[in-house]
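Everything on this sheet refers to the single structure shown next.
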Amino acid sequence: VQAHVNAFGVEALAMRQPVLQGVHSPRLSGLHVGSGPRITIDPMMVLHGIPQCDTVKKARNWLDLHGVDYRFHDFRADGLERESVQRWLDELGWENLVNRRSSSWKALDAATRENMSEQSALAAIMAQATLIKRPLLDTGRERFTSFSAASWSTVARSGAFTPSEIEA
């Protein structure tokens, strides 16, 4: 995406919307905002979740600590696209995408929980985004739910993304 810096931040030329909102990038942290030069922003991974979630906070801290560029998508505030949720369900399966330990899951009636399927999970998630297991990390090539420093270090070593330093 071609972008330029103006008095309000970075704007995508093609989309005409801010692209730095929610972006956490060590490489852009020293960027001077003003009538500066054009820059190119590479597609980056997206961390989906809600900012109040303790596990999401840990994941964001881990990404920041390891110098990983990412964009945070607050699916409660920013919403979800039906097509994205369908792709996640196709790739991960509803059993891996839906957090069955969450209060949102427990609030569903027993019949809905017992009869959950790919199709009903899509409808349920679109009605209540907090049913998604958090965080959901989209590297652009793969999607991962939940967080643990050890598993994300393993994923990073496999080449899914490249933090500046990896814990042993």
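The values are calculated or read from the model by the stated rules, or taken from the named source; none is laboratory data. Predicted model, so just to flag it, every value in this text is computed and none were measured. Neighbour counts run over all protein chains shown; Cβ positions are idealised from the backbone, glycine included. Calculation scope for accessible area: heavy atoms of the full protein, side chains included, ligands and nucleic acids excluded. Shrake-Rupley method; radii C 1.70, N 1.55, O 1.52, S 1.80 Å.
Some observations on this one:
- Qualifying position, being at pLDDT 90 or above, open to solvent by 30 Å² or more (accessible area, probe 1.4 Å) and over 14 Å from the mean Cα position of the chain (by Cα), among R38, R27, R82: R82
- Considered as a group, the residues in segment 41-52 that are within 30 Å of Q119 (Cα to Cα) and of a type in the set (A, V, I, L, M) include one that is most open to solvent (accessible area, probe 1.4 Å), and that residue is M44.
- Restricting attention to segment 47-71, the residues being more than 19 Å from N99 (Cα to Cα), of a type in the set (A, V, I, L, M, F, W, C) and out of contact with any helix residue (DSSP H, G or I) (no Cβ under 7 Å at 6 or more places or on another chain) number 3.
- Number of the condition not met by E91 [criteria: (1) among the charged types (D, E, K, R); (2) surrounded by 15 or more Cβ atoms within 10 Å (Cβ to Cβ); (3) at pLDDT 95 or above]: (2)
- When every residue of segment 53-62 is checked against the conditions, none turns out to be of a type in the set (V, I, T) and open to solvent by 60 Å² or more (accessible area, probe 1.4 Å).
- Of the numbered criteria (1) modelled with pLDDT of 95 or more; (2) open to solvent by 50 Å² or more (accessible area, probe 1.4 Å), the one Q119 fails is (1).
- Meets criteria (among the small types (G, A, S) and within 15 Å of the chain's Cα centre (by Cα)) for G67: no
- Scanning segment 114-134 for residues that are assigned to a loop (DSSP other than H, G, I, E, B) and either touching a His at 6+ places or on another chain (Cβ under 6 Å) or over 11 Å from H48 (Cα atoms) (or both) yields N115, M116, S117, Q128.
- Condition met for G140 (in contact with a helix residue (DSSP H, G or I) (Cβ under 8 Å, 6 or more places away or on another chain) and either free of Cβ contacts under 8 Å to residues at least 24 places away in the same chain or at positive phi (or both)): no
- Residue among A7, A14, A77 that is at pLDDT below 95, exposed (fewer than 12 other Cβ atoms within 10 Å of the Cβ) and closer than 30 Å to S120 by Cβ: A77
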